[in-house]
Structures are given as structure tokens and as C-alpha cells.
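Working notes, beginning with the structure itself.
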Amino acid sequence: MKRIDDARLPTRFAEFRIEIFESSDAKEHAVIRLGDLLSGDPPLVRIHSECLTGDALFSLRCDCGFQLQAALGAIAHAGRGAVLYLRQEGRGIGLGNKIRAYALQDKGSDTVEANQQLGFPADAREYVVAGQLLRALGLSRIRLMTNNPKKIDAMTRDGIEIVERIPLHSGSNSHNEAYLRDKVDKMGHWPVLA
């Protein structure tokens, strides 16, 4: 993990620092952090996979942008914490394939079926980079904001202690009800409440 640089990142939530790291596959990942992460109780952390449609274009098809905003708001409220922004768009299949999957969903497939019809697993994301980023920050114990048990399993296998899981209940709407249900029923996520 190669550190590139960091800078101020003023947002509507707080003034964060954004720090960029390059992984061995030449992808650049961001750490959006606030406060001293190493003093006191384990900090709040969100491991967030890039979602152009949800994070930047405000799509209602998913809950990604809502979760990112909820995480930044929670960190701002707590006064310290970090979002690890991982470059693995479309649950790891890339933006073009994600839009192909959307087209299949428009024709009646669910999110899991669409990925599988394109020859991908339901979720191709990896979290090795998240463990590397946490170690680069000097963190081995965190409070993780997630509804995805795979993230907890991956961090635990990587030697990161999850002292608390904080659910993210945001973004449920009429456009993503089936998607959220599929995440619970087909992918094993914990339920999201409206």
C-alpha cells in the first residue's frame, strides 16, 4: 500500500481529511477521516465500495449514497472516524458491467440474477485492501458501520477486531425495495429498516 498524499476535505458534515493510497493493482483508494483515530475508544469506520450511480448521481436504485452520507454524518457527530472508500464499482464488476446488470434488472432480473447472467458472482468485492488501509492508519480495533456480515468476516480473518457493529438504516425507498430485500434474502445482509 503506497500513500500518495492527504488534504483538507470540507463537506456539509464536517471538515475531513482525505488521504489517498495506491494498492498493488494500481487502484487509488481514499480514506476520509476526522479526528485522532488512535486515541480513546476504537473509532467508527465505514468500509464503502465505490458507487458512481448512488454516491455521485444520487440514484435511488441502491442505498449506497444514503449509507455513505449516513456514515459521514455519524463520524462528524462522533467527532472522529473514517470512511475507507474502495475502488470496486458495481460490487466488483466495474461500471460498464454494472450498467449491463441494470439493463437486465430493467427486464425483470433481480440484482443477483443479473450479475450471474453476466458471468459474475453475486458479489465480487474483496476486502483485503480495507485491512491494509486500516493497518496503514495504525488501527487494529474498530467500530464498523455495516449491514454486510462479509465485511466483518473479512476484517476478522485479517486480524482486525470489530468491537461493535453499527447498522446503517438509510435509503429505503420504492425504487430499491426489491434490491434491499435481495441483499437480505440472497446475499445474507442484515435487514435494513425504513
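A few comments on the model shown:
- Inter-residue pairs, beta-carbon under 8 Å, first open to solvent by 50 Å² or more (accessible area, probe 1.4 Å) and in region 47-68, second acidic (Asp, Glu) and not in a loop (DSSP other than H, G, I, E, B), 6+ apart: 52/89
- Verdict on residue 25 being under 28 Å from residue 150 (Cβ atoms), open to solvent by 40 Å² or more (accessible area, probe 1.4 Å) and in contact (Cβ under 8 Å) with a residue 40 or more places away in the chain: no
- Test set (1) open to solvent by less than 60 Å² (accessible area, probe 1.4 Å); (2) free of Cβ contacts under 8 Å to residues at least 12 places away in the same chain - residue 106 fails condition number: (1)
- Residues of region 162-194 satisfying the condition of being modelled with pLDDT of 90 or more and loosely packed, with under 12 Cβ neighbours inside 10 Å: 163
- Scanning region 109-135 for residues that are exposed (fewer than 15 other Cβ atoms within 10 Å of the Cβ) and of a type in the set (Gly, Ala, Ser) yields a total of 2.
- Among the residues making up region 147-192, a single one is in contact with a Pro (Cβ under 8 Å, 6 or more places away or on another chain), more than 15 Å from residue 111 (Cβ to Cβ) and part of a loop (DSSP other than H, G, I, E, B): 190.
- Residue in region 173-185 that is over 30 Å from residue 4 (Cβ atoms) and hydroxyl-bearing (Ser, Thr, Tyr) present: yes
- Options 37, 84: the member that is modelled with pLDDT of 95 or more and within 14 Å of the chain's Cα centre (by Cα): 84
- Any helices (runs of 4 or more DSSP H) falling wholly within region 52-134 and containing at least 1 residues that are under 28 Å from residue 2 (Cβ atoms): 64-78, 89-92, 95-106
- Test for residue 139: is it assigned to a loop (DSSP other than H, G, I, E, B), under 24 Å from residue 18 (Cα atoms), open to solvent by less than 60 Å² (accessible area, probe 1.4 Å) and at pLDDT below 95: no
The values are calculated or read from the model by the stated rules, or taken from the named source; none is laboratory data. The structure presented is a predicted model; accordingly, all values stated were derived computationally and were not measured. Positions of Cβ are generated from backbone atoms using ideal geometry, with glycine treated the same way; all protein chains shown enter the neighbour counts. Note: areas computed on protein heavy atoms with side chains; ligands, DNA, RNA excluded. Shrake-Rupley method; radii C 1.70, N 1.55, O 1.52, S 1.80 Å.
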